[in-house]
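K.L.:
This is the structure, below, for whatever I ask next.
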Amino acid sequence: MTRRLMVIFMMLAFVLGGIATAFAQQDIIENLEVVSIKSVQVRQGNNNLFLDVKVNIKNANKKELRLRDGKFEFFIASTYNEDTPKGEIMHSSPKPGAKCDDLKGECFEQIASKGHTADESKYIGTAVAPFFIPHYKYVTKEDGKDDKLIREICCQDSDVIYLRPTGSDEENIIMFHVNIGGSEMKAFASLMQMMNCTAYPGIKTPHLRIKGKFDLGVRSSKGWSDVEKVKIEWLFNPSVQHKVPFLTAAE
């Protein structure tokens, strides 16, 4: 009887420990946030087209985090950000979807009001390791008679993402190489979706969604504590200027 009770208590402790770990993991994930998108650049390489998306990620946890074996899927959609006038007198033939008043001979284009979906969410592409991560180093440069240390930005490809906690001197800047496909038609469709969602900032608000899966590590005084196959979903509304440049880069 005593042995059976010990087994039950051990099983209960194991279950409660698992629940506590799950809640702790959820708290850590909720403290990760995409702050801004620094840039988006189109590039061709290895018979595929890529969107190089540079992202600033905020880690509001008190400890440094490590993301390994990461896979990140990108989606984009848009909604109307203002009540567009319901109609417009058209002197030419009606547009598709337009409604006509037979008595007045006027046609009114039907446009959804503020908050309604403008472009449905569509999958753009997937980014996997390696990730392009800027970092800093100090170099000695001659300045007249004296030498001084200058901080220079460098970049490196890395299979592991390290996220410093809030309050660190440097931002957590990560560049995701989003593969939008080797097929020209598929790549063109992804680019058109990006342009449709971002090219009209006066009318539409873009919504970028990033779904990630990775092994999560938390730094402690004794090393790293890891949890495998953690999932996260970021929803971000990037601010878009009125003239959106689409940049290209050589291979």
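None of the figures in this text is laboratory data; all of them are computed from the coordinates on show. All values derive from a computational prediction rather than experimental measurement. Glycine also receives a Cβ, built like all others from the backbone with ideal geometry; neighbour counts cover every protein chain displayed.
K.L.:
Rounded to the nearest 0.05, what FRET efficiency is calculated for Thr117 and Glu184 with R0 set to 30 Å and r the Cβ-Cβ distance? Each step should come with its number before you reach the end.
P.N.:
Working: r = 28 Å, r/R0 = 0.92.
Efficiency computed from Cβ-Cβ geometry: 0.60.
K.L.:
A follow-up question, please. What nm distance separates the two modelled labels at Lys54 and Thr166, each placed 7 Å from Cα along Cα→Cβ?
P.N.:
2.4 nm
K.L.:
Gain in length, Lys211 to Asp157, computed as 0.36 nm per residue apart minus the alpha-carbon separation, to one decimal in nm? Numbers along the way, then the final one.
P.N.:
Details: separation 54, 0.36 × 54 = 19.44 nm, distance 2.11 nm.
Result: 17.3 nm gained on full extension.
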